[in-house]
Amino acid sequence: MVQPGASSGGPTVQTFACNIYRGLDQIEGRSASGEQVAALERKIDAALTLLRKLEPSEAEKAIADLKSKCVRYKGDLEATMFEIEELKKEKAALEARVEELVEENHYRTDFA
């Protein structure tokens, strides 16, 4: 994988690369799977390679587009993580209710 600061592009590309790698560390810390992170790293490496081939104005536009996508994906990831937490809470509540019903059923059969 290309490391931050190892690019032959201008300072903007290098700054962008550093920011992306920082973002990857944050995503990794939020329980993204290894496969998700690896896929994202491959896409970023491909994007950085393309950025190095672009003219400065094209690179700036591409960087702005990629930053926008990163913000959207980060939001999507946070929303998904929130939804997962809500589903876990719902699952725990349902499991507790099932336990109550099982105990109630045992009580009824014992005293019937």
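What follows is calculated from the coordinates using simple rules that are stated; it is not laboratory data. In this text the structure is predicted, and so the values were computed from the model without any measurement. Here the Cβ is made from the backbone with ideal geometry for all residues, glycine too, and neighbour counts use every protein chain on show.
What's the extension gain from GLU60 to CYS18 if we count 0.36 nm per residue and subtract their Cα-Cα distance?
Here the segment from GLU60 to CYS18 would lengthen by 13.6 nm.
Between GLU95 and LYS43, what FRET efficiency comes out of the Förster formula 1/(1 + (r/R0)^6) with R0 = 35 Å and r the beta carbon distance, rounded to 0.05? All intermediate terms of the calculation are to be shown ahead of the outcome.
On the way: r = 38 Å, r/R0 = 1.09.
Rounded to the nearest 0.05, the efficiency is 0.35.
Among TYR107, TYR73, what is the fewest-to-most ranking by other Cβ atoms within 10 Å?
If I rank by nearby Cβ atoms, fewest first, I get TYR107, TYR73.
Classify the stretch 41-88 from the C-alpha gyration tensor, please: rounded if a/c falls under 1.5, else prolate or oblate depending on whether a/b exceeds b/c.
Values: a/c = 8.59, a/b = 2.76, b/c = 3.12.
Oblate shape, in that a/c is at least 1.5 and b/c is the bigger or equal ratio.
Among the aspartates and glutamates, which have Cα under 17 Å from the Cα of LYS91 when same-chain residues fewer than 8 positions away are ignored?
GLU83, GLU99, GLU100
So the label point goes 7 Å from the Cα of GLU35 along Cα→C-beta, right? Which residues of the stretch 77-102 then have their backbone N under 14 Å from it?
Hits in the stretch 77-102 for GLU35 at 14 Å: none.
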